[in-house]
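What follows is a single structure, written as structure tokens, with notes after it.
The values are calculated or read from the model by the stated rules, or taken from the named source; none is laboratory data. All values derive from a computational prediction rather than experimental measurement. For neighbour counting, all protein chains shown are included, and Cβ atoms are generated from backbone atoms with ideal geometry for every residue, glycine included.
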Amino acid sequence: MFKWFGKVNFAPFTKVTDFAQYLKDGRLMGSKCKKCGATSFPPRADCEACMSGDFEFFEMSGKATLHTYTKIVAAPTGFEEVAPYIVGVVDLEECGRALAWFGETVKEEEIDIGMELQMVPQIFDELEEIKVYYSLEKPGTTWSKTNSAR
Ligand SMILES: [Zn+2]
């Protein structure tokens with residue numbers, strides 16, 4: 001039932017392809033501009049603040065606060081098999097915002113705007129191309145590698 005994970009990939013990343021490699025190692029990275037120090041997630045090769053192309057990666061904690069969420073009942077094409085499911089938008093502790101699926105550690109009735117969550121990268125790498133998605137879990141949940149056996 002999880003074959004839809006394969007529909008998400010990192011094709012948009014060019015200068016920041018190392019990001020996918022870090023994810024594969026279970027590290028969630030943001031980018032930090034070497035010139036002005038502005039941080040970004042997802043990582044950007046070119047600074048939004050000063051346009052510098054000189055950046056470095058820094059590791060993010062994955063700590064997040066729930067900004068909003070929605071339950072998807074009428075799923076878009078490709079996602080029908082897993083509906084209903086719940087997605088949330090979180091504010092990450094360091095910077096940035098992300099859209100992620102709720103994982104199994106959080107029950108639907110526990111979901112509350114403003115709650116603290118842990119955003120965990122989940123990697124699906126049986127194919128050459130790295131596929132990734134994020135799940136929202138209870139604080140303290142450690143990164144776990146998704147594999148084809150799941
Ligand atoms: Zn900058």
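Residue count for region 1-42 under the criterion of being modelled with pLDDT of 90 or more and farther than 16 Å from V120 by Cα: the result is 10.
Return a yes/no flag: does region 67-84 have any residue that is within 22 Å of L23 (Cα to Cα) and either at pLDDT 95 or above or surrounded by fewer than 16 Cβ atoms within 10 Å (Cβ to Cβ) (or both). Among the residues of region 67-84, not one is within 22 Å of L23 (Cα to Cα) and either at pLDDT 95 or above or surrounded by fewer than 16 Cβ atoms within 10 Å (Cβ to Cβ) (or both), which makes the answer no. Among the residues making up region 33-57, those that are within 9 Å of the ligand (Cβ to nearest atom) and in a strand (DSSP E or B) are C33, F55.
Out of V106, V90, V120, I need the residue that is closer than 14 Å to S135 by Cβ, in contact (Cβ under 8 Å) with a residue 24 or more places away in the chain and out of contact with any strand residue (DSSP E or B) (no Cβ under 6 Å at 6 or more places or on another chain). Which one? After applying the criteria, what remains is V106. Kindly indicate whether A64 is at pLDDT 95 or above, more than 16 Å from the ligand (Cβ to nearest atom) and within 22 Å of L92 (Cα to Cα). Considered against the rule, which asks whether it is at pLDDT 95 or above, more than 16 Å from the ligand (Cβ to nearest atom) and within 22 Å of L92 (Cα to Cα), A64 comes out as yes.
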